[in-house]
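Enquirer: One structure coming up, written as structure tokens, with questions to follow.
A short reminder: the numbers here are calculations on the coordinates, not readings from a lab. Model, not experiment: these values are computed from the prediction. So basically every Cβ, Gly included, is an ideal-geometry build from the backbone, and we count neighbours across all protein chains shown.
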Amino acid sequence: MDPIIEFRDFSFKYKSQTEPTLTDINLKIYPGEKVLIAGPSGSGKSTLAHCINALIPCSLPGEIQGSLTVDGMTPAAEGVFGMSKKVGTVLQDTDGQFIGLTVAEDIAFALENDAVSREDMYAKVDEAARLTDMTDYMKHSPNELSGGQKQRVSMAGVLVDDVDILLFDEPLANLDPATGKYTISLIDDIMKRRDVTVVIIEHRLEDVLYKDVDRIVVIGEGRIVADMTPDELLASDVLIREGIREPLYITALKHAGVEIKAEDRPQHVDTMNVLPYAEELRSWFKSTGRDKADVSDEKILEVKDLRFSYIEGESVLKGVSFDVRKGEMISLVGQNGAGKSTLSSIICGFIKPDSGSILLSGRDISPLSVSERGERIGLVMQSPGQMISKPMIREEVGLGLAVRGVPQAEIDSRVEETLKICGLYPYRNWPVGALSFGQKKRVTIASILVMKPEIMILDEPTAGQDYRRYTEIMEFLKRLNEDMGLTIIMITHDMHLMLEYTDRALVLTGGRLIADAPPSEVLTDKATSEAAYLKRTSLYDLAVRCGIEPPSEFVQRFIGYERGLRQKGAMP
Amino acid sequence: MTRMISYEARDTWIHRLTGFTKLMFFIIWCIVSALTFDTRVLVTMVAISAVIFAMSRTEWKQISAVFKLLMLFMTLNLFFIFVFAPYQGCEIYGTRTDILHLFGDVYLTKEQLFYEFNVLLKYLNIAPAIFVFLVTTDPSEFAASLNKAGVPYTFAYSFAIALRYIPDVQDDFTRIRNAQEARGIEMSSKASLPARIKNVAAIIFPLLFSTMDRIDVVSNAMELRGFGKKNKRTWYSYRRPGKSDAAVMIFAVLFAVAALVLTYYDGSRFLF
């Protein structure tokens, strides 16, 4: 059989760059295959995808060497339009790629552009909607849909075109774990019903491997460093070397010191042959102590019976109460629309609750204005672009002080001190634009930190970040938490973040707090994790399959062990 | 968050008209209303507007805020007409009947009152027409019908796409403003005007950058799905004009002719 996608000695250099982003790529993908392309941010995996759909070199110009053929065609010669008949691309931004005003129109978009008659169009749109389970939502507008539903619409929008190749560019980046899992099974279903080749670009390996993948291609610094079956890859040490997170159960097995063999099919925790490893894992469990977090008893934030509704009769918060103790690092989790952002908006004072109260260090904060609260409860938005408004780092970090009329000398010294804490001091005179994403994130954190808040709330601090950047950001926050005693609340979908960095998880669902417990308990309890659109951690399944009791204790010890390793600097 | 003056799907004969018909009707309505000062015509038009408004089943809450704003402008307009041209009415109608001595040599005249009454009628005429047009016209269908009427589709589509992303940009704006306000960048009336103008930059720049990112994604997404590939395109939301479209168009034209004949019959736009 001839490959449907073939890269031969392929290299690509962006016009604006001096070094090639892709070097000597030799890759064959055969019809009907499902291939995962993994690699850290900046490795060139998205560039590879853009070569297949011809965005490179048509929209993003640069220099190509070697050859690439897609179903006998050369993308560069066919152009983006020409390739769109063959390759359907689903982008990671579920909002941005929703073009129509309703679901039906968005699905029809490609057909409209192809001037298909309306009769044919209706039939094809209906079929694509059926395929992606969106039939009941045809008249909905994008703001009435969840992220997962929008993504299904995007899939339907490319499936109407009878494409042969489906290309997913980080499809899981904006989804909660449960929705991500659903997306992966939907891709699997589509492959069963349509003859398509699927290429998934993603660094969230464990989530993609929820369903079988034929091959995983690992890209590192623009080269292919591995091209093997998932079983072979998981048995190797390629992932760690390349800074891609392994599935947690694999990490746990490796901590226990076992050597994983490909023939034991480590691709899925529930079908893997764990027999050869169970004994060693059990003895590791016994020998590992539990990591105890010491938290003071001093309550810094008390939220009491908070209720809120935007529209009368439709409550978003139905009596939420919890305490946060000084120096805690906690996560606030729950699906989209569960009320997480409403809750943080109320704490920051952007909106007023219908009833209930919030005490900060024992004092009611309802009389405080937004900006007065802002000095004591800092909010860091998800994307640095949503906060940065000054061209220079110093100015940006000092902005909050400057507008409060703090004398310039004091601003300078406090900005300098903060920049040192945040590891940005060497860049103090740089323009913000010259920084990497992780550094920009630190600038936004610094610009809040400079006001010496007692609590910092971060909205999805690591969304869309690969393992290395994730670790960089989270270790930085951990240091702020430990060294400065800063209380940190994180709104997140990321189960790893919850498990590894927070002592407690508040689980919000349908406007109610359904759990206030250690993450190791939340993520091993089926009912709670399902209600919050989380996924039970694979560590739980591993523990159960190896006969370790209780599984939540196993998870807890695993985390303690990992924290220990990180303190010793033995992990990235 | 409720968004004012946006399309809401309902099933009335006005909703079923094509966007193009409604636009044409609206334009004719405005022209006639601007040209005539014939009170009989204006009163008839207000009555028809009111009937159309009622038949469109538009709810008060959909338009209340904008309606209030419009009324504010109307009041200001009427007030300033009086301030700057207190005898405009007398000039138009060629007579002067004082009713009330205000101050100095300024008198309130019957003619001026009548003239301003006619201006008021024009407002009451056009306001419901705008509202009905906006709340009953599906933007995608409107774009489609514009395109069918000969407007290039890239231009027609920009209407639909703007409406698609306005709410997203509004949400971005709210989020950014909130976060900046928490940092102490005061945007409410507490800050002085120069400070507020300066502070706007702290919202505009992030908003601009996030919008540019959005445009990047959207234009890539559109290109990947073949937008602009062909010289023509079809429309999912297109509706063939029906009998009622023809009827509305004929009515609008006949009404306009009748109204203008009546208006200019005696050689003047004004009737007293």
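Enquirer: So which trypsin sites (Lys or Arg not before Pro) in segment A:516-572 are both in a DSSP loop and have at most 15 other Cβ atoms within 10 Å of their Cβ?
Expert: Listed in order of number, the matching sites are A:Lys568.
Enquirer: How high is the FRET efficiency between B:Ile27 and A:Tyr310 when r is their beta carbon distance and R₀ equals 35 Å, given to the nearest 0.05? Show your work: numbers first, answer last.
Expert: Values: r = 37 Å, r/R0 = 1.07.
With a Förster radius of 35 Å, E is 0.40.
Enquirer: How long is the gain from A:Val544 to A:Leu359 if the chain were fully straight, where each residue apart is worth 0.36 nm and the alpha carbon distance is subtracted?
Expert: Difference between extended and current length: 62.4 nm.
Enquirer: Working from Cα positions, state the angle (0 to 90°, nearest 10) between the long axis of helix A:118-131 and the longest principal axis of chain A.
Expert: 60 degrees
Enquirer: Also: Using amide H atoms built 1.01 Å from N in the peptide plane, name the residues 5+ places from A:Val225, or on other chains, whose amide H lies under 5 Å from its own.
Expert: For A:Val225, whose amide H was placed from the backbone, the distant partners under 5 Å are A:Val218, A:Ile219, A:Gly220.
Enquirer: Right, next: Rounded to the nearest 500, what is chain A's calculated 222 nm mean residue ellipticity when only DSSP H runs of at least 4 contribute -39500 (n - 2.57) each, over all residues?
Expert: -11500 deg cm²/dmol
Enquirer: Could you name the lysines in cross-link range of A:Lys340, using Cα to Cα under 16 Å and dropping any fewer than eight places away on the same chain?
Expert: A:Lys304, A:Lys318, A:Lys352
Enquirer: Sticking with this one: Please work out the FRET efficiency for the pair A:Glu395 and A:Glu298, using the Cβ-Cβ distance as r and a Förster radius of 51 Å; give the result to the nearest 0.05.
Expert: Values: r = 35 Å, r/R0 = 0.70.
It comes to 0.90.
Enquirer: Per DSSP H run of at least 4 residues, take -39500 (n - 2.57); add these up for chain B, divide by its residues and hand me the 222 nm value, nearest 500 deg cm²/dmol.
Expert: -24000 deg cm²/dmol
Enquirer: Let me ask you something else. Work out the FRET efficiency for B:Ala50 and B:Arg240 from their Cβ-Cβ distance, taking R0 = 22 Å, and round it to the nearest 0.05. Working shown, then result.
Expert: On the way: r = 30 Å, r/R0 = 1.35.
The formula returns an efficiency of 0.15 here.
Enquirer: Could you work out how much longer the chain between B:Val253 and B:Ala85 gets when fully extended? Use 0.36 nm per residue separation minus the Cα distance between them, nm to one decimal.
Expert: Additional length available on full extension: 57.1 nm.
Enquirer: Got a sec? Charge dipole of the protein assembly as shown, +1 on Cβ for Lys and Arg, -1 for Asp and Glu; which of A:Ser59, B:Met222, B:Leu35 is way out at the positive end?
Expert: Result: B:Leu35, furthest along the dipole toward the positive end.
Enquirer: Show the residues, 5+ positions off or on another chain, whose built amide H is closer than 5 Å to the amide H of A:Val316.
Expert: Under 5 Å from the amide H of A:Val316 lie the amide H atoms of A:Phe308, A:Ser309, A:Tyr310, each far enough along the sequence or on another chain.
Enquirer: How big is the dipole moment of the protein assembly as shown about its Cα centre under a simple scheme where the beta carbon of each Lys and Arg is +1, that of each Asp and Glu is -1, and everything else is neutral? Debye, nearest 20, please.
Expert: Dipole magnitude for the protein assembly as shown comes out near 1880 debye.
Enquirer: Right, something else. Decide, for chain B, between rounded, prolate and oblate: order the square roots of the alpha carbon gyration tensor eigenvalues as a ≥ b ≥ c, take rounded if a/c falls under 1.5, and otherwise choose prolate if a/b is larger than b/c, else oblate.
Expert: oblate
Enquirer: Please compute the length gained on full extension between A:Asp126 and A:Asp237, using 0.36 nm multiplied by the number of residues separating them and subtracting their Cα-Cα distance.
Expert: 35.4 nm
Enquirer: Among all stretches of chain B without exposed GluC sites (Glu not before Pro) (DSSP loop, at most 16 other Cβ atoms within 10 Å), which one is longest?
Expert: Maximal segment without exposed cleavage sites: B:60-272.
Enquirer: On a straight-distance basis, which lysines could pair with B:Lys148 in a cross-link, Cα separation under 19 angstrom, same-chain partners fewer than 8 positions away excluded?
Expert: B:Lys22, B:Lys229, B:Lys230, B:Lys232, B:Lys243
Enquirer: Just to be sure I understand: if I project the alpha-carbon convex hull of chain A onto a plane and average over all orientations, what area do I get in nm²?
Expert: Computing the convex hull of the Cα atoms and averaging its projections yields 27.7 nm².
Enquirer: Would you work out which of B:Ser210, B:Met187, B:Ala160 lies farthest towards the positive end of the dipole of segment B:143-236? Charges go on Cβ: Lys and Arg +1, Asp and Glu -1.
Expert: The Cα lying farthest towards the positive end belongs to B:Ala160.
Enquirer: Apply the Kirkwood formula to segment B:143-236: the hydrodynamic radius equals the inverse of the mean of 1/r over all pairs of different alpha-carbon atoms; give it in Å with one decimal.
Expert: 15.9 Å
Enquirer: Let me check I've understood the local charge: for B:Ser56, count other residues with C-beta under 12 angstrom from its C-beta, Lys and Arg +1, Asp and Glu -1. What total comes out?
Expert: With Lys, Arg at +1 and Asp, Glu at -1, the net is +1.
Enquirer: Right, another one. Take A:Thr229 and B:Arg10, extend 7 Å from each Cα along the Cα→Cβ direction, and tell me the distance between the two endpoints in nm.
Expert: 6.3 nm
Enquirer: Rounding to the nearest 10 and keeping the result within 0 to 90°, find how far the Cα-based axis of helix A:408-421 lies from the longest principal axis of chain A.
Expert: For A:408-421 against chain A, the angle is about 60 degrees.
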